[in-house]
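Here is the structure we will look at, set down as structure tokens.
The values are calculated or read from the model by the stated rules, or taken from the named source; none is laboratory data. Treat the numbers as computed from the prediction; the structure is a model and nothing was measured. Don't worry about glycine lacking a Cβ; one is built from the backbone with ideal geometry, like all the others, and counts go over all protein chains shown.
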Ligand code: SF4
């Protein structure tokens, strides 16, 4: 793989200010839905049963079950990674009306924005941008400069996690693109389980897939993907915290390089 420079967006995207309901107080996730879905013993038993039952199912079968059980309060957050692109492809065939959103931190690569447009062209699916409270300019001005340089955890919290909590409010369930073979923490992920952090049901249709399975489907179905993957970036996040990896490095070594950080906090 060659390592050509990735492209920062030509113009910084102007982000809207937070609305009144953008606070983190009150019920979260499915507890804020009407009617709420609560993690009762009965629900947790149902999820455990379904998770076991779906262990041998295909990702499409898992998604079909999730849509039947939780739509229209079933959604998906995506950073347009290869795994997420395969799920978008599957949802376009199974339930194209499923709301899909992206955490637009203001620091995403131009290639990522372009991929959102390609998804719209290919599938007619408009992935919704969810924005932090402050624009990049406001955020950096309020903090005396870019927070990602000194405290990426705080930056991820402000520009991803808080936004995700807000987006999850009122949903029953969402799809996650994690694979069990990505890390020891992810190895324990159930197919279906209660997401304690966000207080809703998390469905992981690709839990049993390998990286090879993902790329085989992308190739076979000509699924659009981020061109940065062909330029030495196996994992793409925000441009300040992503670099190309060297031969032999772990596939997530290019994320938050130089910091003791490997996750943005969404899956741990
Ligand atoms: S990945 Fe980097 S720039 Fe993006 S939100 Fe996290 S710390 Fe900020």
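Points worth noting:
- Cβ separations smaller than 7 Å between residues 6+ apart or across chains give the following pairs from segment 147-162 residues that are free of Cβ contacts under 8 Å to residues at least 60 places away in the same chain and within 21 Å of residue 129 (Cα to Cα) to residues that are near the ligand (Cβ under 7 Å from one of its atoms) and part of a helix (DSSP H, G or I): 154/147; 155/147; 155/148.
- Matching residues, segment 20-52, being in a helix (DSSP H, G or I) and under 18 Å from residue 197 (Cβ atoms): 29, 30, 31, 32, 43, 44, 47, 51
- Within segment 139-177, no residue satisfies the criterion of being away from the ligand (no atom under 11 Å from the Cβ) and modelled with pLDDT under 95.
- Looking only at segment 14-52, and only at residues there that are surrounded by fewer than 15 Cβ atoms within 10 Å (Cβ to Cβ) and under 24 Å from residue 106 (Cβ atoms), the one that is modelled with the lowest pLDDT: 20
- The single residue among 55, 111 that is within 25 Å of residue 238 (Cα to Cα) and outside any strand (DSSP E or B) turns out to be 111.
- Pairs with Cβ under 6 Å, 6+ apart, first in segment 207-223 and in contact (Cβ under 8 Å) with a residue 60 or more places away in the chain, second part of a loop (DSSP other than H, G, I, E, B): 209/179; 218/225
- So residue 63, is it within 14 Å of the ligand (Cβ to nearest atom), in contact with a strand residue (DSSP E or B) (Cβ under 8 Å, 6 or more places away or on another chain) and closer than 19 Å to residue 176 by Cβ: no
- Counting only residues that are touching a helix residue (DSSP H, G or I) at 6+ places or on another chain (Cβ under 6 Å) and either part of a helix (DSSP H, G or I) or within 13 Å of residue 215 (Cα to Cα) (or both), segment 225-240 holds 5 of them.
- Residue selection: residue 83 satisfies the criterion of being touching a helix residue (DSSP H, G or I) at 6+ places or on another chain (Cβ under 8 Å) and either assigned to a strand (DSSP E or B) or surrounded by 18 or more Cβ atoms within 10 Å (Cβ to Cβ) (or both).
- Matching residues in segment 199-237 - criterion: being touching a strand residue (DSSP E or B) at 6+ places or on another chain (Cβ under 8 Å) and more than 16 Å from the ligand (Cβ to nearest atom): 200, 201, 202, 203, 204, 205
- Tally of residues being more than 27 Å from residue 28 (Cα to Cα) and assigned to a helix (DSSP H, G or I) across segment 143-163: 2
- Every residue from segment 86-107 that is within 16 Å of the ligand (Cβ to nearest atom) and in contact with a helix residue (DSSP H, G or I) (Cβ under 7 Å, 6 or more places away or on another chain): 101, 102, 103, 105, 106, 107
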